[in-house]
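Below: one structure, written as structure tokens.
Quick note: the coordinates plus some simple rules give every number you see, no bench work behind them. Every value quoted in this text rests on a predicted model; they were computed, and no experiment measured them. Don't worry about glycine lacking a Cβ; one is built from the backbone with ideal geometry, like all the others, and counts go over all protein chains shown.
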Amino acid sequence: MDATIIYYDPVTVPVFPDVSLVGIKYEREEKRSVNSVEEMEQLAVEGKVVLVRAKGTIALNIGLKVTYPFNEIVNVKRVGVPREFTNDGVKVEYKEVLEPYGYVGVNINFSPSLPFIIVETEQGGRIISLSSIQDTKPEVPRESKTPEKKRKKRAKKSRKRRKVKSKGSRKSRGV
């Protein structure tokens with residue numbers, strides 16, 4: 001299948017001291033034949049952002065380290081960081097993003113004073129915290145090292161009535 005490959009240069013846009021957005025600037029475009037979707041996802045260039053389009057499928061490959069990558073190119077309106085924590089809630093300071101770039105991710109240095117950030121895009125708002133960045137792996141039950149003992153099936157014993165030998169038990173039954 002034919003694919004259009006678009007190369008972008010990454011641009012770092014500082015928003016707050018510990019928060020910066022990773023924007024992109026158009027570099028070049030080329031057409032290439034791609035065999036599969038997996039091959040599309042493997043097309044990555046170190047230090048560049050690569051967008052691959054083919055037959056309704058889009059793959060965004062970011063060739064640099066980003067704390068929180070977006071799954072598509074987004075237009076960020078503003079970014080908010082918490083400034084004051086009270087019993088009633090959190091006061092958030094917002095800063096408008098004026099640079100005319102498309103953004104592919106956010107670099108964040110988390111600290112106790114910066115536990116999360118809020119990124120507002122045209123698609124809606126996202127709260128990004130340390131727990132949303134770390135991959136939550138599903139718990140896979142581990143196989144025990146000792147194999148389970150095989151149980152032998154035994155034949156059911158037929159129920160026999162116990163013979164009562166004492167005279168006292170016969171008297172209590174009324175026999």
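Treat the count of other C-beta atoms within 10 Å as a stand-in for reagent exposure and order ARG151, ARG32 from fewest to most. Write down the numbers at each step before the final one.
Details: ARG151 6, ARG32 13.
Starting with the residue having the fewest Cβ neighbours, the order is ARG151, ARG32.
Please arrange MET1, MET40 by how many other C-beta atoms lie within 10 Å of their C-beta, fewest to most.
Sorted ascending by nearby Cβ count, the order is MET1, MET40.
For THR67, put the label point 7 Å out on the Cα→Cβ axis and report which residues of the stretch 95-112 keep their amide N under 11 Å from it.
Under cut-off, by backbone N: 106-112.
Among the listed pairs LYS31/LYS77; LYS25/LYS77; LYS25/LYS91, which have their C-alpha atoms separated by more than 26 angstrom in this model?
LYS31/LYS77; LYS25/LYS91
For the residues GLU30, GLU46, what sequence is obtained by ranking on other C-beta atoms within 10 Å, fewest first? If you can, show how the numbers build up before the last one.
Working: GLU30 9, GLU46 6.
Ascending Cβ contact count within 10 Å gives the list GLU46, GLU30.
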